[in-house]
Amino acid sequence: MTREDVTDLIYSAKVQKGLKWSDIAVKLKLSKEWVTACCLGQMTCTKQQATILGKIFDLPPEAVKILQVVPYKGSLPTQVPTDPLIYRWYEIVSVYGTTIKELIHEEFGDGIMSAIDFSMDITREPDPKGDRVNVVLSGKFLPYKTY
């Protein structure tokens, strides 16, 4: 069994049981964003978290163990994403990446925004012209060191 197999089992069970990621997150007492990333194979569970997910999704013991293994993060099926929603994020980085980099460097100096000490919040923002997707990304600034 691979991590991809576990992700498939989780997604299938989620659909069959009519679950929402936010409901699953409540059971783990974590954010819906982290729990979703975890269930889609991008994060590592503790034994307790994996056990809870195993019960929610009726996973076999082997799958519960695999949830506790550090995954290969950032894995997509293709180099340039083909899914339209994911591609838009790729497009955002392609178009605005240099702007984001320049403004972070201007404000903080030479360094990076952490994707480890990081949080994300995705909410629906009602708008009379059509609801908007509000995404807040928050990462610790990590300056490059002189040595």
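Check whether at least one residue in the stretch 122-137 is free of Cβ contacts under 8 Å to residues at least 60 places away in the same chain, in contact with a Ser or Thr (Cβ under 9 Å, 6 or more places away or on another chain) and not hydrophobic (A, V, I, L, M, F, W, C), and report yes or no.
Quick first cut of the stretch 122-137, residues free of Cβ contacts under 8 Å to residues at least 60 places away in the same chain only: 123-137.
Applying the additional criterion that residues be in contact with a Ser or Thr (Cβ under 9 Å, 6 or more places away or on another chain) yields 133-137.
From the residues that got through so far, the ones that are not hydrophobic (A, V, I, L, M, F, W, C) too are 134.
Taking every residue of the stretch 122-137 in turn, at least one turns out to be free of Cβ contacts under 8 Å to residues at least 60 places away in the same chain, in contact with a Ser or Thr (Cβ under 9 Å, 6 or more places away or on another chain) and not hydrophobic (A, V, I, L, M, F, W, C).
Give me the helices (runs of 4 or more DSSP H) completely within the stretch 1-47, filtered to those with at least 2 residues that are under 21 Å from Tyr72 (Cβ atoms), ordered by residue number.
Working: elements: 3-17, 21-28, 32-39.
Here the list reads 3-17, 32-39.
Could you tell me which residue of the stretch 48-76 is surrounded by the most Cβ atoms within 10 Å (Cβ to Cβ), considering only residues that are of a type in the set (A, V, I, L, M, F, W, C) and in a loop (DSSP other than H, G, I, E, B)?
Ranking the candidates gives Leu67 first.
Which residues, taken from the stretch 78-114, are assigned to a strand (DSSP E or B) and under 20 Å from the mean Cα position of the chain (by Cα)? Lay out the reasoning, then the answer.
To start, the set of residues in the stretch 78-114 that are assigned to a strand (DSSP E or B) comprises 111-114.
Once the filter is applied, which keeps residues that are assigned to a strand (DSSP E or B) and under 20 Å from the mean Cα position of the chain (by Cα), the stretch 78-114 yields Ile112, Met113, Ser114.
Could you tell me whether the stretch 117-127 includes any residue that is assigned to a loop (DSSP other than H, G, I, E, B), modelled with pLDDT of 95 or more, on the phi > 0 side of the Ramachandran plot and loosely packed, with under 13 Cβ neighbours inside 10 Å?
So in the stretch 117-127, the residues assigned to a loop (DSSP other than H, G, I, E, B) come out as 126-127.
Right, trim to modelled with pLDDT of 95 or more and you get 126-127.
Still in the list and also on the phi > 0 side of the Ramachandran plot: none.
For the stretch 117-127, residues assigned to a loop (DSSP other than H, G, I, E, B), modelled with pLDDT of 95 or more, on the phi > 0 side of the Ramachandran plot and loosely packed, with under 13 Cβ neighbours inside 10 Å: absent.
The values are calculated or read from the model by the stated rules, or taken from the named source; none is laboratory data. Please read these numbers as outputs of a predicted model, since none were measured by experiment. As a convention, Cβ positions derive from the backbone with ideal geometry for all residues, glycine included, and neighbour counts pool all protein chains shown.
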